[in-house]
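The values are calculated or read from the model by the stated rules, or taken from the named source; none is laboratory data. As the structure is a prediction and not an experimental result, all values here were calculated from the model. No Cβ is skipped: glycine too gets one built from the backbone with ideal geometry, and neighbour counts run over all protein chains shown. What goes into the accessible areas is simple: the full protein's heavy atoms, side chains included, and nothing from ligands, DNA or RNA. Shrake-Rupley method; radii C 1.70, N 1.55, O 1.52, S 1.80 Å.
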Amino acid sequence: MKRKKGRVRFVPTICATVIAMMLTTNLGSHAAHADKVEVTPNPLGVEARSAILIDADTGQILYAVNADKAYPPASMTKLMTEYLVLEEITAKRLSLTDMVTASKEAASIPPDGSQIYLAEGDQHSVKDLYMAMAVQSANDATIALADRIGGTEQGFVEKMNETAKALGLNSAHFTSATGLADDTVISASDLARFASILIKKHPEFLEFSSTPSYKFRERDKTAMVNLNWMLETNKSIPNFKQFAYPGVDGMKTGYIGSAGYCFTGTAKQGDLRLISVVMDTASKSSRFVQTAKLFDYGFDNFEKKTIVAPKSVVESNKTVKIKKGTSKQVPIVTASDVTLLVKKNTTPTVTVNNVKLKSDGELVAPIASGTVVGTATYSYKDPDTGKTLDKTVNLVTSEDVKKASWWRLMFRGLGGFISSLFKGIVDLF
């Protein structure tokens, strides 16, 4: 399949020895894990236990494989940790330049996980620790940040679960900030939706996740290399260019024995950004190969199409009543468009299944054009997945309605009185 050209920001020099070690480790890991992989059969042949592809903008599901069942996400858990750090920065309770002191817990992580070898009492900036977490998935850096925000890792985990509940991530249950615990679980569906929330609310996250390499300490001989081999900026790196994919600028890899090799990825081409999740693939490289299958399917087969234009009439002659206005009613239209991701060369249809008007549909003049008076919900049923996607838009007044003069209101009231009187007389006979 033909892939579109993407945008390249910069390509730094990466230590060939480090890359060779990573690839060699991958071969050994593949052999050790291959017999455990539980592939869920699916039309695209995605070799994973669970997978999903969504439109980052609307959350529309384009493809799903066993996506609603919760599994261990391994280090993809760190997406929630990264989100909460950015929330603290936005709330001005933390800044990238603040110094963080490594706790005993941060300095005592198991030696077999990714780390930057913090010693108890080491001090590093929030930015450096965040980069270590985003680029190298460093567990000790993650715990250091969690301790800073939550007092302890357990205190931070409570914040993680509170946030998950508030965001409606019903399958999520966090027991660690790093994802090293087997009993941390979340579904691919909730993880993809959360990834969309993360990059919408904190687009700066992609600046961290797209960094190909980062030197943590001045004295370090080599820089940390981003574990996301699909980064577009890797297209000129000999050992990674086979995995580099146009538009990829995030997000997070993961691996523990119970989770297998996982990856939450995102790529943007033109005005379309996709988010994918694959859980429990056979190897480090396979998680990227399976992700590429999903991205190819999304970019090759779907396009954005406006189904309902802005300022469209919802129903024929639909109006709202106006009190004390020069007009007694005003037409209403949609405030915005309804745009969906649909199969290329198709003409989808939507239906209006719910129109709600405020204040029983009656307002008091003066009323400005564009005043929100209610909502309309449009429904689209995906012919492939069978899932129904609802999109709600505001309904607004299509024109100004000025307040009527007292003279006009008097005669209108008099006319109403005479009409009621006449009706009353007629009803007597």
For this session: Enter the mean projected area of the convex hull around the alpha-carbon atoms of the stretch 168-226, in nm², rounded to one decimal.
Result: 5.7 nm²
Exercise. How many Å² of accessible area per residue for the stretch 165-221, probe 1.4 Å?
Worked result: 45 Å²
For this session: Taking every Cα atom in the stretch 143-197, find the radius of gyration and the maximum pairwise distance Dmax, and write them in Å.
Result: 11.1, 31
Exercise. What ranking do 178-184, 298-304 get when scored by the average of other Cβ atoms within 10 Å per residue, highest first?
Worked result: 178-184, 298-304
Seminar exercise, completed: Charge tally for neighbours of K343 with beta carbon under 11 Å away, counting Lys, Arg as +1 and Asp, Glu as -1, is -2
Exercise. Ranked highest first by the average count of other Cβ atoms within 10 Å around their residues, in what order do 126-138, 226-238 fall?
Worked result: 126-138, 226-238
Seminar exercise, completed: Sorted largest first, the C-alpha extents of the stretch 143-267 along its principal axes in whole angstrom are 42, 36, 32
For this session: Highest first, please rank the peptides 331-341, 65-75 by the mean number of other Cβ atoms sitting within 10 Å of their residues.
Result: 65-75, 331-341
Exercise. Given q = 0.21, 0.24 Å⁻¹, what are the Debye log10 I(q)/I(0) values for the stretch 233-281, with equal point scatterers placed on the Cα positions and solvent ignored?
Worked result: -0.82, -0.94
Exercise. On alpha-carbon atoms, Rg over Rh for the stretch 38-125 using Kirkwood Rh?
Worked result: 1.12
Problem set entry | Cα Rg over Rh - the stretch 24-180, Kirkwood | 1.01
Exercise. T377 versus E303, label points 7 Å from Cα toward the beta carbon: distance in nm?
Worked result: 3.1 nm
Seminar exercise, completed: The farthest towards the positive end of the charge dipole of the stretch 234-288, of the residues T281, F243, S258, given +1 on Cβ of Lys and Arg and -1 on Cβ of Asp and Glu, is F243
Exercise. Counting pairs of Cα atoms in the stretch 212-306, how many percent are more than 20 Å apart?
Worked result: 41 percent
For this session: Return the inverse of the average 1/r over all pairs of distinct C-alpha atoms in the stretch 103-172, which is the Kirkwood hydrodynamic radius, in Å to one decimal.
Result: 12.7 Å
